[in-house]
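Chemist: I am attaching a structure below and will ask some questions about it afterwards.
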Amino acid sequence: MARDTLGGFELQVLLAVIRLGADAYGVPIADTIETASNREVAAGSIYITLDRLESKGFVTSRLGESTPERGGRAKTYFQVTGKGLRAVRQAQRTLVRLWSGVPALQGGTA
Amino acid sequence: MMPRRPPRLADWLLHRLASGPRRHSLVGDVHEQHSRGRSAAWYWRQTVTAILAGIASDLRRHPADMAHALCTGLGAWVLYSMLIVGPAWGLFERVMLDYQWMRRSAVIPWAWLPLELIGGWVVGRTVLRFHRDRLAASLLLLILAETIAELPRLFSLSANAWGYPNYRPQLWWQIANLTAPIVGILMGGLSDQRSSERDSLINDEASTD
């Protein structure tokens, strides 16, 4: 995958981070994707994807608070960067263009 | 409210073999979801997926780190062989010359196995010390290297033992000789005493909250 483009799961994770805003850490990110896709999401895959997004400069991270139910371990919060937002818009434009070229999928009847 | 305890073995494995600098947050996330009602089977699925996905990601995305980990482990093995195994072999040879009965017995070959086990442990601890963030993939690479190095001898002995039962003790010894360092590598690599102490402290603090 090229450094400035987004893979399918990367796009899902990045959209979840954008939706959650300041509350974006592993658990709500997994919940958001699971609710939207109706599939179980592996926490390990989310962290690997977030590491990749951070190395591409699409998100930044900061260490947050810990709670007893986490066994005292700190949360890591993620925030989208300007570069990440531009990458999401680019992916959206690409998908919309591709979508509009497939009449069978218009209107969600297929 | 007391947090629910996750499955002990899965938790132990996840804590030691989860990959990356943010593995503590990952373990915390899995704990948090489990304490909110996810099942033990879910915890096991998360553990296995996190470890396997971590290994695949480390091998694919961090080849330089992996090569470094392999060199560190092999370097530790070479150093151990030079400092411990070499002199020990010299001593064993002298004993075998002095006591002819030992040459015919199986004492010497089997007495060699603890040295192999300790050697594996030293390698595992060294990798744990220097490559903690990519431990699972590093240990896997070292075990593969050890297995590949021993395979030709193992195959030739198996072929001999197939037709000549006299070779069977040698074959068993060779299998044990391959297994001992692998067990040692796993014991050394997974003996993360400092983290387990810190974790028990964290859990103590959590349960008093």
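Chemist: Show the residue pairs meeting these rules: Cβ distance below 8 Å; 6+ apart or different chains; first residue within the range A:86-110 and outside any helix (DSSP H, G or I); second residue at pLDDT below 80.
Modeler: Correct list of pairs: A:110/A:104.
Chemist: Also, quick follow-up: With the requirement that a residue be touching a residue at least 24 places away in the same chain (Cβ under 8 Å) and either within 7 Å of another protein chain (Cβ to nearest Cβ) or farther than 15 Å from residue A:46 by Cα (or both), what does the range B:19-36 give you?
Modeler: Scanning the range B:19-36 gives B:20, B:26, B:30, B:31, B:34, B:35.
Chemist: Any residue at all in the range A:88-100 that is in contact with a Ser or Thr (Cβ under 7 Å, 6 or more places away or on another chain) and of a type in the set (Ser, Thr, Tyr)?
Modeler: no
Chemist: Further question on the same structure: Just need a number here: residues in the range A:6-25 that are among the aliphatic types (A, V, I, L, M), part of a helix (DSSP H, G or I) and in contact with a strand residue (DSSP E or B) (Cβ under 9 Å, 6 or more places away or on another chain).
Modeler: Within the range A:6-25, the subset among the aliphatic types (A, V, I, L, M) is A:6, A:11, A:13-18, A:20, A:22, A:24.
Subsequent filtering for residues that are part of a helix (DSSP H, G or I) retains A:11, A:13-18, A:20, A:22.
Then drop every residue that is not in contact with a strand residue (DSSP E or B) (Cβ under 9 Å, 6 or more places away or on another chain), which leaves A:13-14, A:17-18, A:20, A:22.
Residues meeting the conditions: 6.
Chemist: Restricting attention to the range A:30-63, which residues are in a strand (DSSP E or B) and more than 9 Å from chain B (Cβ to nearest Cβ)?
Modeler: Within the range A:30-63, A:59, A:60, A:62 qualify.
Chemist: Moving on to the next point. Pick out the one residue from B:12, B:42, B:77 that is of a type in the set (Phe, Trp, Tyr) and either at the interface with another protein chain (Cβ under 10 Å from one of its Cβ atoms) or more than 19 Å from the chain's Cα centre (by Cα) (or both).
Modeler: Numbers: B:12 fails: either at the interface with another protein chain (Cβ under 10 Å from one of its Cβ atoms) or more than 19 Å from the chain's Cα centre (by Cα) (or both); B:77 fails: either at the interface with another protein chain (Cβ under 10 Å from one of its Cβ atoms) or more than 19 Å from the chain's Cα centre (by Cα) (or both).
The match here is B:42.
The values are calculated or read from the model by the stated rules, or taken from the named source; none is laboratory data. The structure displayed is predicted, hence computed values, not measured ones. Backbone-built Cβ (ideal geometry, glycine too); neighbour counts: all protein chains shown.
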